[in-house]
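First comes the structure, then the notes that go with it.
Values in this text are rule-based calculations from the coordinates and carry no lab data. Because the structure is predicted, anything quoted here is derived from the model rather than measured. Here the Cβ positions follow ideal geometry from the backbone for every residue, glycine too, while neighbour counts run over all protein chains shown.
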Amino acid sequence: MKIGISTYTKFNLSVKEFLDFVSQLKLDPVELKLDDVELIKYLTSSSIDDLLKTLSRYNFKYLVHAPYIGVNLSIINNVMGKAAVKVMEKTLQLASYINAEIVTVHVGRFSKDYPLRYLSLAVEKAVSRLKKIVKEAENIGVTVSVENSHKAEDVSIAAFPEQIEYIVQRTSCRFTYDIGHANTFTDPSIFIDQLGEYIVNVHIHDNNGERDEHKVMGDGNINFKLILNKLKRLRYNGPMVIEVHSLRDIERSVEAISKLLKT
Ligand SMILES: [Mn+2]
């Protein structure tokens, strides 16, 4: 497993400042969340030279997390759906420019303002849009990976293993296993039993099973020992990306994971 790190839109650091900070911690790869205000502009700018210059100062491998703020691949409104696909297409292009092999995407949520009988329509919308995105991704050699979501007021179409399985089997997407998100719905370890073969990226953080708190491993109720053992048994060799919300918590997470991996 490669212990990596993710940017967070509220760190309030420039990309360079963040990369300088994590350079000292020997983490790799770095997952770039494109919602970051500094990064999102590269989706529409004609040149990404500045970004390439910054990234190439370091030896990191990069992963991309597609924008999710205001982006909903399962939205029933087709005008917005088209815009969401466009955002993903531009994301793939950017990923390919910076040599990122994996793009993690959220599939969006089903608004609680709709009657539940339209839930399956939303799922089908997401599936058909993802198919289009995957086709494009295959052409440029990027892997699209769907992340399981956390509990929120709107209905998640990617909360449980069966839902993810339905989507990946119909779209050829891979799976980004977010351990903390899984814990807001159910026992996170069952995702490995049911979806192990699809996992290409893992997000690691803790919570108490209620809300998506992004705590340091050990500060919530997740049994990481069990999860890491299952991933080892699966011979999972991909990224394990720390997703916490303060620089201090990044340092504490590095300690917590190395302890977990030793025992
Ligand atoms: Mn995540």
Candidates 222, 257 - the one that is within 16 Å of the ligand (Cβ to nearest atom) and closer than 17 Å to residue 26 by Cα
257
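Could you list, in sequence order, all residues of region 196-215 that are among the aliphatic types (A, V, I, L, M) and touching a Lys or Arg at 6+ places or on another chain (Cβ under 9 Å)?
Residues of region 196-215 among the aliphatic types (A, V, I, L, M): 199-200, 202, 204.
The answer is 199, 200.
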Is there any pair with a first residue in region 162-183 that is in contact (Cβ under 8 Å) with a residue 12 or more places away in the chain and more than 16 Å from the ligand (Cβ to nearest atom) and a second that is assigned to a helix (DSSP H, G or I) and of a type in the set (Ser, Thr, Tyr) whose Cβ atoms are under 7 Å apart and which are 6 or more apart or on different chains, and what are they?
168/198
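Restricting to region 131-163, name every residue that is in contact with a strand residue (DSSP E or B) (Cβ under 7 Å, 6 or more places away or on another chain), closer than 18 Å to residue 198 by Cα and not in a strand (DSSP E or B).
Answer for region 131-163, where residues must be in contact with a strand residue (DSSP E or B) (Cβ under 7 Å, 6 or more places away or on another chain), closer than 18 Å to residue 198 by Cα and not in a strand (DSSP E or B): 133, 134, 137, 142, 148, 149, 157, 158.
Looking at residue 111, is it touching an Asp or Glu at 6+ places or on another chain (Cβ under 8 Å), among the small types (Gly, Ala, Ser) and under 16 Å from residue 155 (Cβ atoms)?
Working: touching an Asp or Glu at 6+ places or on another chain (Cβ under 8 Å): yes; among the small types (Gly, Ala, Ser): yes; under 16 Å from residue 155 (Cβ atoms): yes.
So residue 111 fits the description; yes.
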Limited to region 235-252, what total is found for residues that are closer than 18 Å to residue 212 by Cα and among the acidic types (Asp, Glu)?
2
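I need the strands (runs of 3 or more DSSP E) fully contained in region 1-65, keeping only those with at least 1 residues that are closer than 16 Å to residue 96 by Cβ and within 16 Å of the ligand (Cβ to nearest atom). Break it down into steps so the answer makes sense when it comes.
On the way: elements: 2-6, 30-33, 62-65.
Of the strands (runs of 3 or more DSSP E) lying wholly inside region 1-65, those with at least 1 residues that are closer than 16 Å to residue 96 by Cβ and within 16 Å of the ligand (Cβ to nearest atom) span 30-33, 62-65.
Only one of 104, 91 is touching a residue at least 60 places away in the same chain (Cβ under 8 Å) and crowded, with 17+ Cβ neighbours inside 10 Å. Can you tell me which? Step through it out loud before you land on a result.
Values: 91 fails: touching a residue at least 60 places away in the same chain (Cβ under 8 Å).
Checking each option against the conditions leaves just 104.
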Identify all residues within region 188-202 that are more than 14 Å from the ligand (Cβ to nearest atom) and touching a helix residue (DSSP H, G or I) at 6+ places or on another chain (Cβ under 9 Å); write none if there are none.
189, 190, 192, 193, 194, 195, 196, 198
Residue list for region 190-210, restricted to those being closer than 17 Å to residue 238 by Cα and outside any helix (DSSP H, G or I):
199, 200, 201, 202, 203, 204, 205
Is it true that residue 241 is closer than 16 Å to residue 27 by Cα, in contact with an Asp or Glu (Cβ under 6 Å, 6 or more places away or on another chain), within 16 Å of the ligand (Cβ to nearest atom) and among the aliphatic types (A, V, I, L, M)?
yes
Which members of region 66-84 meet the condition of being among the hydrophobic types (A, V, I, L, M, F, W, C) and outside any loop (DSSP other than H, G, I, E, B)?
79, 80, 83, 84
Quick test for you: out of 20, 113, 35, 50, pick the one residue that is surrounded by fewer than 15 Cβ atoms within 10 Å (Cβ to Cβ) and either in contact (Cβ under 8 Å) with a residue 60 or more places away in the chain or under 30 Å from residue 256 (Cα atoms) (or both).
20
For residues that are in a helix (DSSP H, G or I) and in contact with a Leu (Cβ under 6 Å, 6 or more places away or on another chain), scanning just region 92-130, find the one that is nearest to the ligand (Cβ to nearest atom).
126
